[in-house]
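Each remark here refers to the structure printed beneath this line.
The values are calculated or read from the model by the stated rules, or taken from the named source; none is laboratory data. This structure is a prediction, so every number in the text was calculated from the model and none was measured. In this analysis, Cβ positions are derived from the backbone assuming ideal geometry, glycine residues included, and neighbour counts consider all displayed protein chains.
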Amino acid sequence: MEQSNIDSMIQAYRQSTGETWLMNVMKLNMACLETLHMQKARRELRKLLLPKILGILLGVAWVAFISIITWNVLNYAPSQAVFFGLSLAGILVISAKAVIDYIRHTVMIWHINNSGNVTDVQLRLARLRLSQFNANRTGLLQIPFYTTWYLYPGLFTDKPFAVWAIPVLITLLFVCLTIYVYKNFTPANLHKKWVKWLIADSSWNAVNNALQFVKEIDDFKKDR
């Protein structure tokens with residue numbers, strides 16, 4: 001075998017060895033980056049567990065308290081306190097929905113923390129983010145009920161128009177405001193300041209941070 005062929009073989013071997021070493025280093029760096037960012041994402045989500053659990057416990061207590069009052073009002077004074085009872089019933093339904101959402105979010109966080117696939121984690125985080133957004137949106141619907149609980153039938157029959165017109169106008173104002181906010185409180189309007197202000201809280205920020213960490217892993221993989 002000629003010397004030139006031998007030199008070519010040695011050079012080709014060294015080149016392939018170097019490329020293999022470089023590929024191994026890149027894979028190791030990718031694995032380290034993925035592990036580090038996944039740990040950061042899970043750390044952000046773990047911050048939510050205690051507030052969510054406390055929210056569930058307080059929410060259950062609140063729903064039970066309102067349920068007792070609503071049941072007593074509608075059973076013992078249905079005609080005199082019809083507005084009060086219906087207002088409590090509306091708040092009760094929306095509060096119960098909030099507790100169910102908190103339970104579902106806690107389960108979703110648990111699944112994310114026990115998932116090892118980046119794509120799966122990213123998808124679950126996006127679902128959690130949207131679910132939290134919709135939960136806050138639903139919570140807005142209880143606002144008008146806080147303006148009707150003090151009304152009573154005698155107010156409209158025994159009092160002058162000027163007396164009951166003001167609280168009715170206030171209620172109508174809040175109803176219109178709630179309808180407007182509910183219709184425009186959508187993910188498509190997240191760029192608006194008032195939507196950001198309504199949605200901004202620790203849980204929303206934590207999910208966004210976790211989603212950003214996972215997205216950085218995905219972006220790094222695409223750039224390779």
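Numbers for the structure displayed
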{"quantity": "Residue satisfying condition, being aliphatic (A, V, I, L, M), closer than 27 Å to Ser203 by Cβ and over 13 Å from the mean Cα position of the chain (by Cα), within set Val181, Val175", "calculated": "Val181"}
{"quantity": "Set Val107, Val82, Val93: member being under 30 Å from Tyr150 (Cβ atoms) and modelled with pLDDT of 85 or more", "calculated": "Val93"}
{"quantity": "Where a residue in segment 95-113 is closer than 21 Å to Leu140 by Cα and its partner, wherever it lies, is hydroxyl-bearing (Ser, Thr, Tyr), with Cβ under 9 Å and at least six apart", "calculated": "Ala96/Ser67; Lys97/Thr138; Ala98/Thr138; Asp101/Ser131; Asp101/Thr138; Arg104/Ser131; His105/Ser131; His105/Ser203"}
{"quantity": "Residue selected from segment 129-170 under the condition more than 16 Å from Phe83 (Cβ to Cβ) and of a type in the set (Ser, Thr, Tyr), by the criterion modelled with the lowest pLDDT", "calculated": "Ser131"}
{"quantity": "Candidate set: segment 183-206, residues that are under 26 Å from Trp149 (Cβ atoms) and surrounded by 15 or more Cβ atoms within 10 Å (Cβ to Cβ); chosen: the one modelled with the highest pLDDT", "calculated": "Phe185"}
{"quantity": "Single residue of segment 30-68 satisfying the filter (more than 22 Å from Val107 (Cα to Cα) and modelled with pLDDT of 90 or more) that is farthest from the chain's Cα centre (by Cα)", "calculated": "Ile68"}
{"quantity": "Answer residue from segment 70-93, given it is surrounded by fewer than 18 Cβ atoms within 10 Å (Cβ to Cβ) and in contact with a helix residue (DSSP H, G or I) (Cβ under 6 Å, 6 or more places away or on another chain) and is farthest from Ile143 (Cα to Cα) among those", "calculated": "Leu74"}
{"quantity": "Breaking point among (1) modelled with pLDDT of 90 or more; (2) in contact with a helix residue (DSSP H, G or I) (Cβ under 7 Å, 6 or more places away or on another chain); (3) not polar (S, T, N, Q), for Leu173", "calculated": "(2)"}
{"quantity": "Segments classed as helices (runs of 4 or more DSSP H), wholly inside segment 77-167, with at least 1 members that are of a type in the set (Gly, Ala, Ser) and closer than 17 Å to Asn209 by Cα", "calculated": "118-139"}
{"quantity": "Residues (closer than 21 Å to Ala96 by Cα and surrounded by 14 or more Cβ atoms within 10 Å (Cβ to Cβ)) located in segment 139-160", "calculated": "Gly139, Leu140, Leu141, Gln142, Ile143, Pro144, Phe145, Thr147, Thr148, Trp149"}
